[in-house]
Amino acid sequence: IVSTADITDATPAGESSHSANRQTRFEIARQYLNNPFLNGKPGFDVIIGGGTDQFAACRNDGLNLIRGFQDQGYKYVTTASDLAALNPASKKVLALLYSIPGNKAKSNGVQCNLDGNMTVAYDKLGLVRPASEVPTPFDGNTDQPFLDAMTKEAISFLSSGGRPFILMVEAASIDKQSHANMASGQIWDTIEFDKAIGVGRTWAAKNGNTLVLVTADHDQSLIINGVSQVPQENYVDKNMSEKLVYNSPGAGEQTATYFQDSSANIRSAYPLISSSDPNGTGKATGPEFGPFQNPITESNFPNYVDSDGDGYPDNVNLGTTGNIRLSVGYRSGNHTGSSVPVTAEGPGAFLFTGYMDQSDIMFKAAVSLGGDTTAGDVFVKTVLLNPMYPQTPGKNPLRPNQ
């Protein structure tokens, strides 16, 4: 398992633990080492993610699970540098890459007070946040890898000696940044996820006989509406803000601060208002609605600016080159009920077409792993290579240069 979250978070936990409550982090970590369905053996060969403290530092049961893994032959590392320095043929690896100084057990006694989620890509890159967004902390963890590097290392360890393997990779903070309505953090973590997918697809293309699945466990409410011609200064004035107090069922009184760039994020359709200024007099209101100017198409899509060559776009005002202001907005701070895509490549990929229940994915994957999908695979290749069918430039794995 690989995740940018605390590695005992829900998605990785679902791969090898059983609990009535997702927050029983100490027990989830224990089951990683002593899985009850594997006669007490570890549930994974490779574990890469955050959440160091759940394994030892803030446990109240006296167990040191890190030592337990080491006793069973696992290589243990805590930084990106040490992870990269491991022998690629290492078969058992425990990489816990985010700890929090002074972290203690929560009063419920089943988890740490703070989750050890890794710093998001936007902040690891050192980019400046918009006024309404709060950077994720480092807590002294200054040597963290990006998800694509974590994925590459995991594949190297698992595939050593030609062994078959199953690898789950999670870009966890696409979700976590969306809950907080932080668009830049969410978008850049999606770019990081895309790079990790590229690592998996590249390895599968070279080695064959590998099914690559990409999906999500749910949708979030971020909407990218298009270009918004809002002046740069409207995005950085932290003095323009309003406080909103409201009651939430089950959570009580909540307080939120809305900055001027929040209204710009929805095209400044409404000015900021307050009880002392109910009409928003004098507040910035943004552009009038109207037809799109210079619509972006595939032929004139602008290239992004990557001045430092790190593979990620710069999020700075560089005039008219490589910088287009997008209007983004959130309908809520929670999940939505929208359908999510399921994409597949490799043996059995044809099983993952059309609409399906989320729980069907497990059964389809099992058929791909244990059955003979040759006939269906041949048919899919025939369709993809047939010029009579529509082709999507750059997306056909059988015609990568198209």
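Any read-out appearing in this document is the output of simple, stated calculations on the displayed coordinates, not a laboratory observation. These figures come from a predicted structure and were not determined experimentally.
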Q: For Ala105, enumerate residues with amide H under 5 Å from its amide H, sequence gap 5+ or separate chain, H modeled in the peptide plane.
A: Asn113
Q: Could you list, in their original order, any pairs among Lys104/Lys195; Lys75/Lys124; Lys206/Lys364; Lys124/Lys152 whose Cα atoms are separated by more than 29 Å?
A: Lys104/Lys195
Q: Scan around Ala5 for amide H atoms under 5 Å from its own, H built in the peptide plane at 1.01 Å from N, and keep only partners 5 or more places away or cross-chain.
A: Gly50, Met118, Ala172
